[in-house]
Amino acid sequence: MKINLKDYCCQGVDREVETVTITHEQLSIPVEGTSCKTLVFSPLGNRPSHPIIALIGVTPGSQADLFRRLLQSGKSPDEAAHIAAFSSGQDEIKAILRAHGFAERLGLDLDAYPSLNDNPNILTTSVMKCSIQDSGDYRFASPDLIKLAPARHCARKRLLPDLKAHTQTLRAAVVFGDDAWAMMQQMMIGESTLGQTIEELGIKLFHMPHFSTCTQRRDIYKQPANMVDAFIEQKALQGKLSFPRYRPKADAMRAAVCDALDSICSSP
């Protein structure tokens, strides 16, 4: 199957490639003005017709590699994007969404579909639709990404239009991890931050722990507030003494999520 990158990506170059023989190099798009940053074509995500919530990461990261392998196996770009989005850690994502009654109160059935991408109530996407590598590594510091023109361009041209298209049904957007949340708070879209722009659409933002990093904060966050002391004591008896230092951020995140959930669930 032959595809042209520009047909699927707002920053894709006019490059026709054969998917079954596609290489990482063919999917790589140099970032102008930098010597070491490269976009990796991987417009991942699922866009059902009537989603209730959106799940937002910072970039697809190494899921771009799975996207490429799926193209090589004969999947179309849309099929590969659907399968690869949030492909790692789905059990943990579901556990985070279930914590504190979040999924239940929003009417989400997380057990009815094997993949989050098959759930008609969930839109999956990221602040930056395609992955980005820095000197060949998918790891990066969010302040560096915020400064990149391609990141601002993608937020304006892909993320916001994807959300705007579903404002009649979208009630909430879950932002996973500190890097994506920093972009919501610091990336400017005109006179407003990206987060403010999204909430002005009537979509409430929820900052939740990343599903594959900082296990201690994630585990504390998932505990009911009145069970945290006992949980940390239990971990200490197991010789795991690092948990207390992760508690302040986890407690603050849990409180903010519960307050915001109360506010939207009590709205008519």
Cα convex hull volume per residue for region 135-268, in Å³, equals 134
Under the 7 Å Cα-to-Cβ spin-label approximation, Arg105 and Ile189 lie apart by a distance in nanometres of 2.5
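What does the extension gain come out to for His153 and Ser88, with contour length at 0.36 nm per residue minus their alpha carbon separation?
Using 0.36 nm per residue and subtracting the Cα-Cα distance, I get 20.8 nm.
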Across Asn117, Asn226, Asn46, the residue with the highest GNM fluctuation in the chain (Cα network, 10 Å cutoff) is Asn226
For region 1-77 (alpha-carbon point model, no solvent) the Debye-based log₁₀ I(q)/I(0) at q = 0.27 Å⁻¹ works out to -1.38
Partner lysines whose C-alpha sits under 16 Å from that of Lys75, ignoring same-chain residues fewer than 8 away, are Lys2
Computed over region 104-153, the convex hull of the Cα set has an average projected area, in nm², of 5.5
Taking GluC sites (Glu not before Pro) in a DSSP loop with at most 12 other Cβ atoms within 10 angstrom as exposed, one finds the longest site-free stretch of the chain at 33-190
Cα-Cα longer than 24 Å, checked against Lys6/Lys94; Lys6/Lys164; Lys204/Lys235; Lys204/Lys240; Lys6/Lys129; Lys222/Lys249, kept in input order, equals Lys6/Lys94; Lys204/Lys235; Lys204/Lys240
In region 121-209 the accessible area split gives carbon plus sulfur, as whole percent at 1.4 Å, a share of 44
Rounded to one decimal in nm, the spacing of the 7 Å Cα→Cβ label points at Glu199 and Asp78 is 3.5
Expressed per residue, the solvent accessible area of region 5-80 in Å² (1.4 Å probe) is about 45
Per the 1/(1 + (r/R0)^6) rule, R0 = 25 Å and r from the Cβ atoms of Gln26 and Asp137, FRET efficiency to 0.05 is 0.80
Cα-based Rg and Dmax for region 62-199, in Å, come out at 15.7, 44
Counting only protein heavy atoms and leaving out ligands, DNA and RNA, the solvent-accessible surface of Cys36 at a 1.4 Å probe, in Å² to the nearest 10, equals 50
Here the gain from full extension of Cys36 to Arg69, 0.36 nm per residue of separation minus their alpha-carbon distance, amounts to 9.5 nm
Whole-percent tail of the Cα-Cα distance distribution for region 218-268, cut at 12 Å, equals 65
Whole-percent tail of the Cα-Cα distance distribution for region 37-106, cut at 13 Å, equals 69
Length gained if Leu237 through Asp251 is fully extended, taking 0.36 nm per residue and subtracting the Cα-Cα distance, is 2.9 nm
Among trypsin sites (Lys or Arg not before Pro) in region 81-154, those in a DSSP loop whose Cβ has at most 15 other Cβ atoms within 10 Å are Arg139, Lys147
The alpha-carbon pair-distance distribution computed for the chain, with 10 angstrom bins and whole-percent values, is 7, 29, 34, 22, 8, 1
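The values are calculated or read from the model by the stated rules, or taken from the named source; none is laboratory data. These figures come from a predicted structure and were not determined experimentally. In this analysis, Cβ positions are derived from the backbone assuming ideal geometry, glycine residues included, and neighbour counts consider all displayed protein chains. Note: areas computed on protein heavy atoms with side chains; ligands, DNA, RNA excluded. Shrake-Rupley method; radii C 1.70, N 1.55, O 1.52, S 1.80 Å.
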